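Note sheet for the following structure.
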């Protein structure tokens with residue numbers, strides 16, 4: 001039996017993960033470290049950052065080659081468990 005959510009995606013696929021946090025931490029480094037534990041072939045151009053309008057927050061978008069729903073769930077679980085991460089989409 002296949003998981004209904006697996007039917008929404010054709011794995012493997014490119015999947016963008018957006019993480020938001022405060023600018024006063026090294027969010028990009030933290031995010032890349034977490035994602036590297038789950039994705040073996042993260043390219044250099046897979047990561048983009050963007051500060052908020054007032055510069056208090058930063059968003060980091062990482063496009064990964066997702067291989068399964070379980071992999072994505074594990075990435076989101078680990079990211080959202082970090083206190084530096086305010087939101088992950």
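The values are calculated or read from the model by the stated rules, or taken from the named source; none is laboratory data. Keep in mind that what you see is a predicted model, and the values were worked out from it rather than measured. Quick reminder, even Gly has a Cβ in these numbers, built from the backbone with ideal geometry, and neighbours come from all protein chains shown.
Scanning the stretch 23-42 finds one or more residues that are assigned to a loop (DSSP other than H, G, I, E, B), loosely packed, with under 11 Cβ neighbours inside 10 Å and in contact with a strand residue (DSSP E or B) (Cβ under 8 Å, 6 or more places away or on another chain).
Among the residues of the stretch 25-42, the ones that are at pLDDT 95 or above and closer than 15 Å to residue 67 by Cβ come to 5 in all. Go through the stretch 63-89 residue by residue and tally those that are surrounded by 13 or more Cβ atoms within 10 Å (Cβ to Cβ) and touching a residue at least 40 places away in the same chain (Cβ under 8 Å). Adding up the residues that qualify gives 17. Residues that are surrounded by 12 or more Cβ atoms within 10 Å (Cβ to Cβ), outside any strand (DSSP E or B), touching a strand residue (DSSP E or B) at 6+ places or on another chain (Cβ under 8 Å) and touching a residue at least 40 places away in the same chain (Cβ under 8 Å) do not occur anywhere in the stretch 48-62.
One residue stands out in the stretch 63-89 among those that are touching a helix residue (DSSP H, G or I) at 6+ places or on another chain (Cβ under 7 Å) and part of a loop (DSSP other than H, G, I, E, B): the one that is farthest from residue 20 (Cα to Cα), namely 82.
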